[in-house]
Structure formats: C-alpha cells, structure tokens
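The values are calculated or read from the model by the stated rules, or taken from the named source; none is laboratory data. Since this is a predicted model, take the numbers as computed values, not measurements. All Cβ positions, glycine included, derive from the backbone under ideal geometry; neighbour counts span all protein chains shown. Ligands, DNA and RNA are excluded from the accessible area calculation, which covers all protein heavy atoms including side chains. Shrake-Rupley method; radii C 1.70, N 1.55, O 1.52, S 1.80 Å.
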Amino acid sequence: MKTFALLFVLPAAVSAFAFVPSTLRVSSSTALPAERINTIVDLDSPKVATMDSIEKGKKVYCRCWQSGTFPLCDGGHMKHNEATGDNVGPLIVSIKKEE
C-alpha cells in the first residue's frame, strides 16, 4: 500500500476501533465470563464454608473443587491442570514446631 493511501486508511481504522464497545475489546485485564467453579460439593447450599482445626502436623486443603475428599485435597487439581493448562494447587496449613 502506498504511503498516500495509508494517510487515509490508518486514521479511519483507529477511529473505528474507538467505537468498538470496551466489552468486546481483548486485553490482558479483560475478565472471563463467570462460570461455576464448584460442580461437585454441596451444590444446594448457598455457600460452602468449612471449619476445621489443626493441632499438630499439617493439612492440605483443596482449592480446585475437584477433590473427592473435599475440603481436603486428593490431588484432583493435577488432572484439572493437565487438561486445562491451569496452575491451581492446594492450600497447605501446618503448625509451626516449637523450638
């Protein structure tokens, strides 16, 4: 394309982009549509909340909602990560050893 033609095409393209609704523009900060994360655990409950205590050692908690032993992790996130390219992992809580 000749420089003369670019003088007319480029401003028109930039102007047209300005009229594209911001919801249709793709950017790194664009949020994905909301999807249900929990498809397994206590689906009839308005909120899944679990209380637990730890006296010694450690506990590994699920954060991917794929665990068959929810709220504890059973490693289900590894299959999920492999299938989706995600990087979710568990929450590990431990008691600090007294010295």
Please go through the range 43-80 and give me each residue that is in contact (Cβ under 8 Å) with a residue 12 or more places away in the chain and part of a helix (DSSP H, G or I), ordered by number. Gly76, His77, Lys79, His80
So, of the residues in the range 70-99 that are more than 20 Å from Glu35 (Cα to Cα) and surrounded by fewer than 11 Cβ atoms within 10 Å (Cβ to Cβ), which turns out to be modelled with the lowest pLDDT? Glu99
So, in the range 46-59, how many residues would count as being closer than 22 Å to Arg36 by Cβ and open to solvent by 90 Å² or more (accessible area, probe 1.4 Å)? 2
When only residues in the range 60-69 that are out of contact with any strand residue (DSSP E or B) (no Cβ under 9 Å at 6 or more places or on another chain) and among the hydrophobic types (A, V, I, L, M, F, W, C) count, which is most open to solvent (accessible area, probe 1.4 Å)? Trp65
